[in-house]
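Have a look at the structure below, then the notes.
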Amino acid sequence: SFMTEMFSTLGFQQISRKAVEIFEPVFTLGQALTKHLIEQTTDALGVLICVRLNQQAAFELQRRKVPVADSYVNGTNMQLWPRFQVIMDTQCESLKRVAANTGRSAVSALSLAGGDDLNKSSAPHFLTQRFGQLLHGILVLSSEAGDDEPVSNSLGRLTTEFDNLLTKLSRIGGDAKRRERFLYNNYSLVLAIISVSRLIRRGYWC
């Protein structure tokens, strides 16, 4: 609006070029800073929050009809999504490596925080709470997103790897009933994390 008023004697194309001249160095600096901040991060939720903020900025720019920032918003989007996918791939690979090392020699490394042996306990595994919190965060940040986003595919793969891990952990010692209790308790914890958080957001929990 300022550019249009300030250079009212110029044509639209000339005003647009002036705007690009002014803002391009700022946009370049902004994208360089974004790249610096995310290139080494493993914070999936932090990057996804940035994606949502960038999407909101794009909607607002469209509403206000400010096309000069389109390239900046699109460029930022092209930095954030690939990094998010890399982080989710890392999470999946981590769960896959843990699942591949669930033999008896690895039981001590996978024991519960309280020191209980997986052969004896059917309590939820400590990784389950971490998975539930990550799952909940991604679902909250994607409540209005479409199925065509990279989130859907990444979350599906992460869930599959977690399921595989729990299945393998449940087979370490114990009888069939203990294995069933172990799986039930772990999946119940994930459901509780998601359900309680939803109640808090809706104001049903004090």
Ranking by accessible area, most exposed first, for 95, 53, 10, 169 with a 1.4 Å probe: 53, 10, 95, 169
Where labels lie 7 Å past Cα in the beta-carbon direction, separation of residue 18 and residue 180 in nm: 7.7 nm
If the reach is capped at under 30 angstrom between alpha carbons, list the lysines near residue 177, excluding any in the same chain fewer than eight residues apart. 96, 120, 168
In Å, the Kirkwood estimate of hydrodynamic radius for the stretch 1-42 over Cα pairs equals 12.1 Å
Classify the stretch 14-65 as rounded, prolate or oblate from the Cα gyration tensor: take a ≥ b ≥ c as the square roots of its eigenvalues, call it rounded if a/c is under 1.5, otherwise prolate when a/b beats b/c and oblate if not. oblate
First compute the accessible area of the stretch 145-187 with a 1.4 Å probe, then give the percent of it belonging to carbon and sulfur atoms. 48 percent
Taking 0.36 nm per residue of sequence separation and subtracting the Cα-Cα distance, how much length would be gained by fully extending the chain between residue 49 and residue 37, in nm to one decimal? 3.0 nm
When all protein chains stay in place, what accessible area (Å², nearest 10, 1.4 Å probe) is found for residue 7? 60 Å²
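The values are calculated or read from the model by the stated rules, or taken from the named source; none is laboratory data. Bear in mind the structure is a predicted one, so any value in this text is a computation, not a measurement. In this analysis, Cβ positions are derived from the backbone assuming ideal geometry, glycine residues included, and neighbour counts consider all displayed protein chains. These area figures cover heavy atoms from the full protein model, side chains too; ligands, DNA and RNA do not enter into them. Shrake-Rupley method; radii C 1.70, N 1.55, O 1.52, S 1.80 Å.
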